[in-house]
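The structure appears below as structure tokens.
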Amino acid sequence: MTLTRKEERTMRYKLRDVASVIRSKNSGPYELTFDVIFRDPETYEKVKNAGIFNAKMFAELYGIPEADVIGVVHFDPAKAIKTTIVRPIPSGTLGETDVYGAQQHAPLMKLEFDL
Amino acid sequence: MDELRILSPTAILGYGFPVESFEEGMKRKPHVIAVDAGSTDPGPYYLGAGKSFTDNNSVKRDLEIMIPAALEAGIPVIIGTAGGSGARPHVALTLELIKEIANEKGLTFKLAVIQSELDKELVREKFRAGEVTPLFPAKELTEKEIDEAVHIVAQMGEEPYIKALEMGADVILGGRSYDPSLFAALPIKNGFDKALALHMGKILECAAIAALPGSGSDSMFGYLQRDGFILEPLSPARKCTPLSVSAHTLYEKSNPYVLPGPGGALDLHGCTFTPVGDNKVKVAGTKFVPTDGYFVKLEGVRKVGYRTISCAGVMDPVMIAKIDEITAEVKKRVKNNFEHYGFQEFFLDFKIYGKGGVSLFNDTRSVSENNDNNESVPMPDELMIIIEAVGATREQANTICGFARSTLLHYGYEGRVATAGNLAFPFSPSDAEMGEVFEFNIYHLMKVDDPVSLFPATYMQFNQGKATGENNHPAHVHKTSFAKTQQGNENNDPNKKGGENHAV
């Protein structure tokens, strides 16, 4: 495997390798919230300082308008990042696929980033 | 008193708990047993239909252990968001179970029943006065939405529970509640810090979910002290760690630092999580920031119609490759077939599992794969299709679903090789009625003047299992007995009952 010059300087991480919890859930019927809890404080700090998680990144990952990202909060006590978005439809509305919102984390499982 | 102890047997009444854990909890001499019975997570159906998402037998099993144990120990039991959604039919469901248990076990106690379903006219008045505001991202309310709502409930704070405790209730059955309220009522009544009491309630309402390994069907114990609170899981298989407890603060919330509730918000910016011994955690530093005016959260649903579904599998590779095209054609065919028959307003959807059926978002797989070589998503070997029809009546839903199913079964798509049938049905009959369909249409804040009188309470006395009296206590009657109750309630016993002379 040949490394490009960029890859020599930084390392590529898979979120699922550095996180112990990746989950989604309704926060009330009108919001979906995503939690990522990191395995170790060092990686959490690095991800936090590099600003990997932000509204733009999340909107692109899920194919939603950036304005629908209500907040990205870094929560140090739990070495966790919480992202809350407007639910594409209120829970249980016609067209629903996941009433509890508990399986919408899957795109995050495949997220990769450079640090 | 310097410590107030609370036993939380289970995360949702009816989810169960090991008797061993419960007994460990009773050994620690709790001052109250509290349990949350509801959630909006299961969706709008349950509030609309007046049914519970938990099973009656499972709820009775839990109550049958909790109520006699609490009465024997002389401590109150508080149940919040009765029947899962807390409207009148939900409260009635749990009330029936409590009556059965009282009767079967010959129990003697005073029961308080606190309702949370609101009269639509009250909501309309408040709306016209500009005192109902949407909770983002819900939309501005309209009078039409109020008219269409089937049940509207408000989440009560700790105040109605405190009132019921002061009235001497041994068992309190509450309608829709802000979950921490039922845990915080006794501590706040006894002068403990409101922020700590509510924060402890916020964690205890999920029972052992905040432990490691987490569980929604095991018990948790809380020790509220003057300068913080300690959490202890009651099964030796679990531990609370600073991480498990702080991480729980994230669960089902929008923002872990600010947790809004009736009358104000908890501010967790200054919180500390410290290990105590091997399996306990102490939390301190929580603040309560009152809002300007007292607001309660409203939840309401409207009826959409009736649903019928049909489940079928597909394994034919030609069909799988063309599935989007085929289902679009079938939709058109169904619409066309009933256009002149008067069935124009219906909802028909094909949920295709194996091909984006789970995602609430547009197909995100190609984005998330993130391969440099632009690899396309591989074709699945099998698909599961749920045909969903929602119509104005049960019959219309059946008609649309059945017609869509038979059309899809025999649809002659281009390149078709398997001409006997396009679908594999796992069941006969192939179609199933799902009953009424509801959707949330109210999720708003309403300003209230009095957080107690909005939630009317009824009191019943049981003597050896027989209900001997039933009394309504409207707010203005409460006022007198409340004053007397407080006077007679100044010692340190958190369960001292001061209201017995005035009730029943």
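Assorted remarks:
- With respect to being away from chain A (no Cβ under 14 Å) and surrounded by 13 or more Cβ atoms within 10 Å (Cβ to Cβ), B:V437 falls outside the description.
- Taking the listed residues A:I52, A:I81, the one that is more than 7 Å from every other protein chain (Cβ to nearest Cβ), farther than 24 Å from B:L445 by Cα and part of a loop (DSSP other than H, G, I, E, B) is A:I52, with no other qualifying.
- Cross-chain or 6+ apart pairs with Cβ under 8 Å, segment B:282-310 first and farther than 25 Å from B:C271 by Cα, then aliphatic (A, V, I, L, M) and open to solvent by 60 Å² or more (accessible area, probe 1.4 Å): B:G305/B:A392; B:Y306/B:A392; B:Y306/B:M434; B:R307/B:M434; B:T308/B:M434; B:I309/B:M434
- Filter result (within 13 Å of chain A (Cβ to nearest Cβ), surrounded by 18 or more Cβ atoms within 10 Å (Cβ to Cβ) and part of a loop (DSSP other than H, G, I, E, B)) within segment B:340-354: B:F346
- Here B:Q396 meets the list (1) modelled with pLDDT under 95; (2) more than 30 Å from A:D68 (Cβ to Cβ) almost entirely, failing just condition (1).
- Helices (runs of 4 or more DSSP H) contained entirely in segment B:1-102, each with at least 3 residues that are out of contact with any Cys (no Cβ under 8 Å at 6 or more places or on another chain) and open to solvent by less than 10 Å² (accessible area, probe 1.4 Å): B:19-27, B:56-73
- Spans of strands (runs of 3 or more DSSP E) in segment B:232-337 with at least 1 residues surrounded by fewer than 21 Cβ atoms within 10 Å (Cβ to Cβ) and within 14 Å of chain A (Cβ to nearest Cβ): B:258-261, B:264-267, B:272-276, B:280-284, B:294-314
- Residue match in segment A:6-15 (condition: within 28 Å of B:S39 (Cβ to Cβ), of a type in the set (K, R) and either modelled with pLDDT of 95 or more or surrounded by 18 or more Cβ atoms within 10 Å (Cβ to Cβ) (or both)): no
- Selected residue (criterion: farthest from B:S428 (Cα to Cα)) from residues of segment B:385-398 that are assigned to a helix (DSSP H, G or I) and open to solvent by less than 50 Å² (accessible area, probe 1.4 Å): B:Q396
- Filtered residue count, segment B:207-230, keeping only those that are hydrophobic (A, V, I, L, M, F, W, C), outside any helix (DSSP H, G or I) and open to solvent by less than 10 Å² (accessible area, probe 1.4 Å): 5
- Test result for B:F361, at the interface with chain A (Cβ under 10 Å from one of its Cβ atoms), without any contact (Cβ under 8 Å) to a residue 24 or more places away in the chain and surrounded by 15 or more Cβ atoms within 10 Å (Cβ to Cβ): yes
- Residue check, B:V113 within 14 Å of chain A (Cβ to nearest Cβ), closer than 29 Å to B:Y45 by Cα, open to solvent by less than 40 Å² (accessible area, probe 1.4 Å) and modelled with pLDDT of 95 or more: no
- Any chance B:I188 is assigned to a helix (DSSP H, G or I), open to solvent by 30 Å² or more (accessible area, probe 1.4 Å), modelled with pLDDT of 95 or more and under 26 Å from B:G25 (Cβ atoms): yes
- Residues in segment B:119-133 that are closer than 17 Å to B:E148 by Cα and surrounded by fewer than 24 Cβ atoms within 10 Å (Cβ to Cβ): B:D119, B:K120, B:E121, B:L122, B:R124, B:E125, B:K126, B:F127, B:R128, B:V132.
- Count of residues meeting criterion [touching a residue at least 12 places away in the same chain (Cβ under 8 Å), open to solvent by 10 Å² or more (accessible area, probe 1.4 Å) and assigned to a helix (DSSP H, G or I)] in segment B:138-164: 7
- Taken together, the criteria place A:V47 among residues that are open to solvent by less than 60 Å² (accessible area, probe 1.4 Å), more than 11 Å from chain B (Cβ to nearest Cβ) and either on the phi > 0 side of the Ramachandran plot or not in a loop (DSSP other than H, G, I, E, B) (or both).
- Within this structure, B:G421 fails the test of being assigned to a strand (DSSP E or B), over 17 Å from B:K351 (Cβ atoms) and open to solvent by less than 40 Å² (accessible area, probe 1.4 Å).
- Every residue from segment A:94-110 that is at the interface with chain B (Cβ under 7 Å from one of its Cβ atoms) and either within 27 Å of B:S244 (Cβ to Cβ) or surrounded by 20 or more Cβ atoms within 10 Å (Cβ to Cβ) (or both): A:D98, A:V99, A:Y100, A:Q103, A:Q104, A:P107, A:K110
- Across segment A:66-78, the qualifying residues are those that are in contact with a strand residue (DSSP E or B) (Cβ under 9 Å, 6 or more places away or on another chain), open to solvent by 30 Å² or more (accessible area, probe 1.4 Å) and without any contact (Cβ under 8 Å) to a residue 12 or more places away in the chain, and the one among them that is nearest to the other protein chains (Cβ to nearest Cβ) is A:P77.
- Between B:K29, B:K105, the distinction of being touching a residue at least 40 places away in the same chain (Cβ under 8 Å) and in contact with a Pro (Cβ under 7 Å, 6 or more places away or on another chain) belongs to B:K105 only.
The values are calculated or read from the model by the stated rules, or taken from the named source; none is laboratory data. Quick caveat, the model's predicted, so the values are computed rather than measured. Cβ sites come from the backbone with ideal geometry, for glycine too, and all protein chains shown count toward neighbours. What goes into the accessible areas is simple: the full protein's heavy atoms, side chains included, and nothing from ligands, DNA or RNA. Shrake-Rupley method; radii C 1.70, N 1.55, O 1.52, S 1.80 Å.
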